[in-house]
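*Asks:* This is the structure, below, for whatever I ask next.
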Amino acid sequence: MNFRRTKITVNEISPEELEAITIDCHVIDDDVKEIVSFVKSRQGQLTGKLDGELYEISVMDILYIESVDNRVFMYTSKQSYETSGKIYELEELLKQKHFLRISKSSIVNLMKIKSIKPSLNARFIAVLSNGEEIMISRKYVADLKKTLKGGQ
């Protein structure tokens, strides 16, 4: 077995400077492409409303998004924000950012799932990084399994 030796350097910069990631590699192979894809997937922000004010929410802070009574909410570990987007629009927008539909009314950030446990009627429950539990309906279990096994 041959392991790749990689040097990792992290430099803290001032808030005025633009953050940057540079990858120096011998060849752009699948491992490098996967790293680039992951970094790109964590970028971006969505606009949410809380108490009449608009906020920019980092995609990587969103635990899940849910449609309730024709309104759409984004949940972070600290707050919930209403957004003007439709659930199907957000699903498409966030597909490449490790979000997946888990019910008719919910999409989840796969990077925020701590564990998955079986529930009744072929359903599952996703336990999120903040301890919150959300239901995965049986219609979406196959997609979740496929995605977790590396298929998109």
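The values are calculated or read from the model by the stated rules, or taken from the named source; none is laboratory data. Not measured: the values here are computed from a predicted model. We place every Cβ from the backbone using ideal geometry, glycine too, and count neighbours over all the protein chains shown. In case anyone asks, the SASA skips ligands and DNA or RNA and just uses the protein heavy atoms, side chains included. Shrake-Rupley method; radii C 1.70, N 1.55, O 1.52, S 1.80 Å.
*Asks:* With respect to Y75, determine if the residue is in contact with an Asp or Glu (Cβ under 9 Å, 6 or more places away or on another chain), buried (at least 16 other Cβ atoms within 10 Å of the Cβ) and of a type in the set (F, W, Y).
*Replies:* Here the answer is yes, as Y75 does meet what is asked.
*Asks:* Within region 7-34, work out how many residues are at pLDDT below 85, in a loop (DSSP other than H, G, I, E, B) and open to solvent by 100 Å² or more (accessible area, probe 1.4 Å).
*Replies:* The qualifying residues number 5.
*Asks:* Could you identify the single residue in S80, S67, S37, S106 that is within 25 Å of G150 (Cβ to Cβ), modelled with pLDDT of 95 or more, more than 10 Å from the chain's Cα centre (by Cα) and of a type in the set (G, A, S)? So that I can check it myself, show each step before the final result.
*Replies:* On the way: S80 fails: within 25 Å of G150 (Cβ to Cβ); S67 fails: within 25 Å of G150 (Cβ to Cβ); S37 fails: modelled with pLDDT of 95 or more.
Result: S106 is the single residue among S80, S67, S37, S106 that is within 25 Å of G150 (Cβ to Cβ), modelled with pLDDT of 95 or more, more than 10 Å from the chain's Cα centre (by Cα) and of a type in the set (G, A, S).
*Asks:* Could you grab me the full set of residues in region 50-70 that are open to solvent by 80 Å² or more (accessible area, probe 1.4 Å) and farther than 18 Å from L94 by Cβ?
*Replies:* Of everything in region 50-70, those that are open to solvent by 80 Å² or more (accessible area, probe 1.4 Å) and farther than 18 Å from L94 by Cβ turn out to be D51, E53, L54, D69, N70.
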